[in-house]
1. So, in the range 171-187, exactly how many residues are of a type in the set (G, A, S), under 21 Å from the mean Cα position of the chain (by Cα) and outside any strand (DSSP E or B)?
2. Of all residues in the range 164-181 being of a type in the set (D, E, K, R) and exposed (fewer than 14 other Cβ atoms within 10 Å of the Cβ), which is nearest to I248 (Cα to Cα)?
3. Among the residues of the range 82-118, which ones are of a type in the set (A, V, I, L, M, F, W, C) and assigned to a loop (DSSP other than H, G, I, E, B)?
4. Just to be sure, is G192 part of a loop (DSSP other than H, G, I, E, B), touching a Leu at 6+ places or on another chain (Cβ under 8 Å) and not hydrophobic (A, V, I, L, M, F, W, C)?
5. Can you tell me which of I179, I175, I168, I184 is among the β-branched types (V, I, T), over 20 Å from G216 (Cβ atoms) and in contact with a Gly (Cβ under 8 Å, 6 or more places away or on another chain)?
6. Say we look at the range 65-109 and pick out the residues that are aliphatic (A, V, I, L, M) and within 30 Å of N136 (Cβ to Cβ); which of these is modelled with the lowest pLDDT?
7. Could you list all residues from the range 190-228 that are farther than 23 Å from S162 by Cβ, crowded, with 24+ Cβ neighbours inside 10 Å and either over 19 Å from the mean Cα position of the chain (by Cα) or not hydroxyl-bearing (S, T, Y) (or both)?
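The values are calculated or read from the model by the stated rules, or taken from the named source; none is laboratory data. Not measured: the values here are computed from a predicted model. Note that each Cβ is placed from the backbone with ideal geometry, even for glycine, and that neighbours are counted across all protein chains shown.
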Amino acid sequence: QIATAIERKRMEEELKRLAHYDTLTGAYDRGYGLELLQRQLKLSKRNKSPLLLAYADLDNLKDINDEFGHKEGDRANDFIKSTDIPSDIIGACKILIKGKTKKIDIGIINNQTYFANVCGVGFDAEVAQLANQLKNRHPNWNSLSAFVYVFATVKKLLSPFSCHNVKIKFDGQEIHSKILFIAISNGKIYGGRFEITPEAILDDGLLEICLVEEMGRFKYLSIIPKVFKGTHKSIKGIYFYKAKEVIIQSSEPVLAQVSGEVIEGQKEFTITLLPKSLKLIVP
């Protein structure tokens with residue numbers, strides 16, 4: 001019984017410690033960081049002493065940003081669905097305590113924005129833009145991320161939309177196509193429920209590409225349930241490839257998105273894989 005009590009106490013202390021840190025970066029999470037700042041502000045005011053605040057904010061790293069205290073952290077973590085980490089908090093905490101890690105790949109778009117899950121060019125970026133607008137307009141929708149993305153997808157498909165003539169180059173191949181969108185993935189799922197690249201592997205050294213060509217409006221709508229299940233691979237007009245680098249060129253600016261964050265329209269995007277670049281805590 002004494003040994004059990006000691007072990008329980010040790011686990012409680014370890015969980016308290018882990019609750020204050022981002023498990024991937026090792027830095028304080030936002031919630032605890034703000035708590036420390038508030039303490040120091042009170043102390044500075046009480047002692048009438050100046051407070052020097054130095055900080056660094058890592059932008060363009062949404063996928064590996066802190067989960068605790070992030071406004072989207074526990075609501076739309078699609079990336080974790082490509083891992084073996086359980087969704088229940090007890091199971092996840094046990095994995096955190098064990099501290100077993102492995103290195104996974106990440107991607108970078110235009111040598112600026114990193115992603116661990118999925119980036120997209122074209123229609124899915126327009127959907128992400130609309131979804132963000134809807135969540136800003138209806139704050140209570142923030143906890144319904146999957147619903148919002150499905151709603152935004154259907155709404156966009158029932159409205160006028162455009163396809164884009166693009167040239168796609170990857171690993172010695174060149175494709176000319178009129179596309180609705182192209183998803184370049186390290187993970188499997190985005191938008192809460194869309195299993196866009198079911199064969200993507202986080203540490204295989206390759207990006208999974210899903211290219212969706214121009215087709216009829218109602219054909220797109222009929223495909224949505226298949227994408228939920230990841231069974232859309234055999235559909236005519238949808239093609240899959242693997243590559244280490246992808247270059248997408250268009251005659252007109254096209255929107256892109258990285259894990260739901262929209263990148264302004266550009267005529268060229270270069271997406272590159274960075275192998276074994278992120279340490280992940282795993283079962």
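1. Selection size over the range 171-187: 1.
2. Initial filter on the range 164-181 (of a type in the set (D, E, K, R)): 167, 169, 171, 174, 178.
With exposed (fewer than 14 other Cβ atoms within 10 Å of the Cβ) added as a condition, the list becomes 171, 174, 178.
Working: D171: 13, E174: 10, K178: 12 Å.
Step by step, filter the range 164-181, then rank; the result is E174.
3. Answer for the range 82-118, where residues must be of a type in the set (A, V, I, L, M, F, W, C) and assigned to a loop (DSSP other than H, G, I, E, B): I85, A116.
4. no
5. I184
6. Filtering the range 65-109 for residues that are aliphatic (A, V, I, L, M) and within 30 Å of N136 (Cβ to Cβ), the one modelled with the lowest pLDDT comes out as A76.
7. A200, L207
Residues checked against (1) free of Cβ contacts under 8 Å to residues at least 12 places away in the same chain; (2) among the acidic types (D, E):
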site	(1), (2)
D84	no, yes
D88	yes, yes
K94	yes, no
T101	no, no
G107	no, no
C119	no, no
L130	no, no
